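A short write-up of the structure that comes next.
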Amino acid sequence: MIVLWVILGCIGLVLLLLLAAVIRTLLIPGKQSTYRPDPDPEEAEACARKLAAMVRYETVSVPGENQQEKFLGFHKVLEELFPLVHRELEKTEIDGNLLFYWKGKHNDRPLVLMSHQDVVPAEGKWEHEPFSGDIADGKVWGRGASDTKCSVMAFFQAAEELLAEGYVPEQDVYLSSSCTEEWGGDGCPKLVAELERRGVKPWLVCDEGGGIITDPIGGIHGNFAMVGVFEKGKADVRFTATSGGGHASAPPVHSPVARLAAFVNEIETHTVFKRKLPKEVAAMFETLAPYAGFPLKLVFTNLWLFRPVLLKVLPAISSQAGAMIRTTMAFTMMSGSDACNVLPQEASVSANMRFIPHQGMEESLGIVRKLAEKHGLNMEVLSANDYTEPVDIHGEAFEAVQRVIARTFPGCAGSPYVMTGATDSRFYQKICDNVVRFAPVIYGPEQMKGMHGVNENIEYNCLPGAVRFYRNLIQDFDKK
């Protein structure tokens with residue numbers, strides 16, 4: 001009888017908590033994302049033509065190669081497109097990497113606007129040739145159109161327009177652009193070292209990484225400004241299994257490939273890394289909640305109740321969202337025997353890991369190393385770096401970015417976001433406490449698919465808004 005009363009009491013408590021969550025959800029007014037770009041057609045087309053000219057100049061970067069001459073050629077294109085920037089600002093070129101200095105009235109809170117010049121190779125069959133810079137169907141087509149020559153064009157154009165108006169910024173402004181971002185090269189570190197040499201400590205750095213994302217989560221529709229506030233760390237790791245080899249007609253137990261397969265299966269099918277909802281991700285869900293239908297709104301509004309369930313199901317619902325709550329590990333390369341009837345003396349599998357702050361590089365690598373040893377594998381860390389420190393989402397710098405977003409893109413909610421990839425901006429963490437990742441252009445499903453894929457493009461009606469964002473960000477310092 002006592003057990004029955006305990007069970008009924010638990011059921012009653014659960015129902016009471018659910019009722020409280022439902023009431024809380026119903027009290028929060030629903031919202032709609034209303035921002036849609038509606039630029040002056042001539043302005044949009046002018047921006048499109050400039051971006052197209054930049055796309056037409058091929059800037060594929062190759063690891064380990066000296067490509068300074070190629071990028072010096074691209075710089076000539078930039079000089080033709082943005083003559084005032086090149087005439088009025090102090091230009092520094094370091095091995096193809098660019099840094100422009102725009103002297104302001106003060107220098108205690110410098111601003112850095114940055115994005116990269118280089119692009120990844122263009123493979124496969126394209127609807128428009130990858131370096132054509134075609135302007136068609138309301139889009140600029142080609143490699144780099146969205147990743148990220150659009151941002152480079154936009155902040156250069158913002159500076160060009162303000163210089164034409166005789167504007168002098170309240171604070172020093174730097175335009176920074178490396179040519180080695182796509183392979184994590186030493187271009188950006190050289191620019192950071194130059195600023196260190198000058199004693200410059202930026203108050204705010206704005207790079208790519210986030211953006212205005214269309215339909216960021218299933219069930220939430222419209223355009224949302226997702227501002228990256230930290231990057232996950234990353235590592236490339238190789239696991240090797242060895243044996244004496246031999247003929248496949250008499251296979252031994254626990255062969256190299258079998259041991260690797262068991263290891264991979266354990267990683268893939270078990271919860272190896274801790275799942276935790278970072279405060280930045282919780283803030284993202286709370287920001288998006290009013291725009292969701294009732295079931296999703298109920299969950300996002302009441303994380304105090306649904307957090308355990310969300311942590312369990314999120315990776316299955318969305319791989320992108322799932323990557324924001326845990327360290328991830330993706331197996332990407334394999335090698336073994338050269339013949340079907342020969343047992344390999346050595347077989348290997350390689351993986352890419354991405355580290356979350358609550359379980360960083362050392363702890364995550366330690367977990368994987370123990371599992372590798374369990375399966376008789378040798379583990380080799382080829383390269384690794386830890387996560388970056390998050391921007392304070394309640395701090396002055398982040399709020400300044402949110403203010404500019406609200407003024408530039410009315411009806412577009414701004415939200416913190418976890419950058420699961422890697423950008424050059426991580427190098428700026430060395431000299432700046434406020435590094436945000438936000439490219440002020442619209443990335444719909446087509447644009448997201450095209451980045452590093454075929455048919456990369458950007459809808460050019462969003463380009464004037466990107467220019468206005470950078471203008472407003474520069475001018476916002478006048479309001480300090």
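The values are calculated or read from the model by the stated rules, or taken from the named source; none is laboratory data. The shown structure was predicted, so the numbers you read here are calculated from the model rather than taken from an experiment. Cβ sites come from the backbone with ideal geometry, for glycine too, and all protein chains shown count toward neighbours. What goes into the accessible areas is simple: the full protein's heavy atoms, side chains included, and nothing from ligands, DNA or RNA. Shrake-Rupley method; radii C 1.70, N 1.55, O 1.52, S 1.80 Å.
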Residue 446-residue 331 pseudo-label distance in nm [points 7 Å out on the Cα-to-Cβ vector]: 3.7 nm
Show log10 I(q)/I(0) for region 43-186 at q = 0.10, 0.14 Å⁻¹, two decimals, from a solvent-free Debye sum over equal Cα scatterers. -0.35, -0.67
Long-range amide H partners of residue 35 with built H, under 5 Å: 223, 412
Given the options 102, 145, 225, identify the residue whose Cα lies farthest towards the positive end of the charge dipole of the chain (+1 on Cβ of Lys, Arg; -1 on Cβ of Asp, Glu). 225
Could you tell me the relative contact order of the chain? Use alpha-carbon pairs under 8 Å, at least six residues apart, and round to a whole percent. 26 percent
Please list 3J(HN,Hα) in residue order for region 145-157, calculated via the Karplus relation 6.51 cos²θ - 1.76 cosθ + 1.60 where θ = phi - 60°; whole Hz, with x for glycine and proline. 4, 9, 9, 9, 5, 4, 5, 4, 4, 5, 7, 5, 5
Quick one: order 415, 319, 243 from most to least accessible surface, probe 1.4 Å. 319, 243, 415
Report the calculated FRET efficiency for residue 341 and residue 42 (r = Cβ-Cβ distance, R0 = 60 Å), to the nearest 0.05. 0.30
Net dipole in debye of region 336-431 [+1 Lys, Arg Cβ; -1 Asp, Glu Cβ; about Cα centre; nearest 20]: 260 debye
Can you work out the accessible area per residue across region 391-434, with the rest of the protein chains kept in place, probe 1.4 Å, in square angstrom? 36 Å²
Listed residue pairs exceeding 20 Å between alpha carbons, taken from 125/449; 70/149; 76/149; 91/190; 297/449: 297/449
Once you mark the GluC sites (Glu not before Pro) that are in a DSSP loop and have at most 14 other Cβ atoms within 10 Å, what is the longest gap between them in the chain? 166-480
Length gain on complete extension for the stretch residue 186 to residue 132, per 0.36 nm per residue less the alpha carbon to alpha carbon distance? 16.6 nm
Please work out the FRET efficiency for the pair residue 373 and residue 69, using the Cβ-Cβ distance as r and a Förster radius of 60 Å; give the result to the nearest 0.05. 0.80
Quick one: with all protein chains in place, what share of the accessible area of the chain is carbon or sulfur, to the nearest percent (1.4 Å probe)? 55 percent
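Can you work out D for region 106-237 in µm² s⁻¹ from Stokes-Einstein, where Rh is the Kirkwood radius over C-alpha pairs, the temperature is 4 °C and the viscosity is 1.567 mPa s?
Using the Kirkwood radius from Cα pairs, D works out to 74 µm²/s.
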Here FRET efficiency (C-beta to C-beta, residue 454 to residue 194, R₀ 35 Å, nearest 0.05) is 0.45
Would you mind checking which residues have amide H under 5 Å from residue 210's amide H? H placed 1.01 Å from N; only 5 or more apart, or other chain. 228, 437, 438, 439
Between residue 107 and residue 88, what length comes free when the chain is fully extended (0.36 nm per residue of separation minus the Cα-Cα distance, one decimal in nm)? 5.1 nm
With Kirkwood's inverse mean 1/r over C-alpha pairs for Rh, give me the Rg to Rh ratio of the chain, two decimals please. 1.02
Pseudo-spin-label distance residue 380 to residue 221, built 7 Å along Cα→Cβ, given in nm, is 5.2 nm
Over the heavy atoms of residue 188, what accessible area does a 1.4 Å probe trace out, to the nearest 10 Å²? 0 Å²
Could you give log10 I(q)/I(0) at q = 0.16, 0.17, 0.20 Å⁻¹ for region 326-480, computed by the Debye formula over C-alpha point scatterers of equal weight, without solvent? -1.08, -1.15, -1.35
Share of pairwise Cα separations in region 341-418, more than 21 Å, in percent: 55 percent
Pulled fully out, how much extra length does the chain show between residue 433 and residue 125, if you take 0.36 nm times their separation in residues and subtract their Cα-Cα distance? 106.6 nm
Here the convex hull volume per residue of region 92-156, taken over Cα atoms and given in Å³, is 114 Å³
